[in-house]
Amino acid sequence: MKMIQLKQVLRNKRFLLFTIFVPVIWYVFISNVQKGVLPNIVFGIAVFIGIIGNSLATFSKRIATNIEFYSFESRFTRYAVKDYLLDQMIVQLALNTLIFMAVLAFAVSFFNLHVTTSLVVQFLLLTVMGIYFSIIGFVLGVRVDAKTLDTISFPAIILAAMTIIPFASLGADGGFIGAVSKIQMIFPGYYYSEIVTAISSGNPVDSKDVLLFLIVFILNIIPLYLIVPRVKEIEGR
């Protein structure tokens, strides 16, 4: 079942657009506009955009399209909606790994990005963030109909990207940007950026950032998991 779902996604032009083509374009854009930014930061932003697009555009639309079938199936089997969520997380992990490898291959081939051990750490952190955004996408899929998702997916991607772009590292500062940076601190992407910046700069990672990354991730995930609706709530949609 998981392999069938994976093949269906890979044939989807929406997936190729939002999660492969767009992050590569962002990588090229940021690399040329922000010359002084650490290469790993640029790479991380580009992969993040792909993961967000996969989770909030492609994945949420797929869930919204299929959830009624799995809701109906769960009435006659022990396969609950939250079991469906866990299975989909495995598919998402595979897809997010593909996004990481696709952008990495492009960056190494055309921008001479050096493959180092820090990229392994970055991959692990991005994997955690992929789970985070995939759960958000799943909740959107079971709560919002497919037509509405077509309308709100792009604004949702922009808002999600705003939570992880390290404006301070990009040289942006000021009253509004400072306020945005404060808001970012309630999302795990902020601490991801801090950790990756430290690693890329050759500085020791602040243990507080690692701890806050894990704490904020858990605190964000718990309410999202709890609001995944029961079958009887989905049937009323």
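Across region 190-212, not a single residue is classified as part of a helix (DSSP H, G or I), within 21 Å of residue 140 (Cβ to Cβ) and either open to solvent by 70 Å² or more (accessible area, probe 1.4 Å) or in contact (Cβ under 8 Å) with a residue 60 or more places away in the chain (or both).
Checked against (1) in a helix (DSSP H, G or I); (2) open to solvent by 40 Å² or more (accessible area, probe 1.4 Å); (3) modelled with pLDDT of 90 or more; (4) under 30 Å from residue 15 (Cα atoms), residue 221 passes all but condition (2).
Got at least one residue in region 44-58 being open to solvent by 30 Å² or more (accessible area, probe 1.4 Å) and either part of a helix (DSSP H, G or I) or farther than 30 Å from residue 197 by Cβ (or both)? Checked region 44-58: no residue is open to solvent by 30 Å² or more (accessible area, probe 1.4 Å) and either part of a helix (DSSP H, G or I) or farther than 30 Å from residue 197 by Cβ (or both).
Let's see how each residue does on (1) at pLDDT 85 or above; (2) of a type outside the set (Asp, Glu); (3) within 20 Å of residue 141 (Cβ to Cβ):
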residue: 44; (1), (2), (3): yes, yes, no
residue: 50; (1), (2), (3): yes, yes, yes
residue: 61; (1), (2), (3): yes, yes, yes
residue: 83; (1), (2), (3): no, no, yes
residue: 89; (1), (2), (3): yes, yes, yes
residue: 96; (1), (2), (3): yes, yes, yes
residue: 106; (1), (2), (3): yes, yes, no
residue: 110; (1), (2), (3): yes, yes, no
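If you take the residues of region 130-162 that are in a helix (DSSP H, G or I) and among the charged types (D, E, K, R), which of them is most open to solvent (accessible area, probe 1.4 Å)? So the residue we want is 147.
Annotation: of all residues in region 10-43 being of a type outside the set (D, E, K, R) and outside any helix (DSSP H, G or I), the one that is surrounded by the most Cβ atoms within 10 Å (Cβ to Cβ) is 37.
Flag: residue 127 does not match the condition of being surrounded by fewer than 13 Cβ atoms within 10 Å (Cβ to Cβ) and either farther than 16 Å from residue 64 by Cα or modelled with pLDDT under 85 (or both). Only residues that are among the polar types (S, T, N, Q) and under 18 Å from residue 89 (Cβ atoms) were counted in region 110-147, giving 2.
The values are calculated or read from the model by the stated rules, or taken from the named source; none is laboratory data. Since this is a predicted model, take the numbers as computed values, not measurements. Positions of Cβ are backbone-derived with ideal geometry, glycine not excepted, and every protein chain shown enters the neighbour counts. All accessible areas refer to the heavy atoms of the entire protein, side chains included, with ligands and DNA or RNA removed. Shrake-Rupley method; radii C 1.70, N 1.55, O 1.52, S 1.80 Å.
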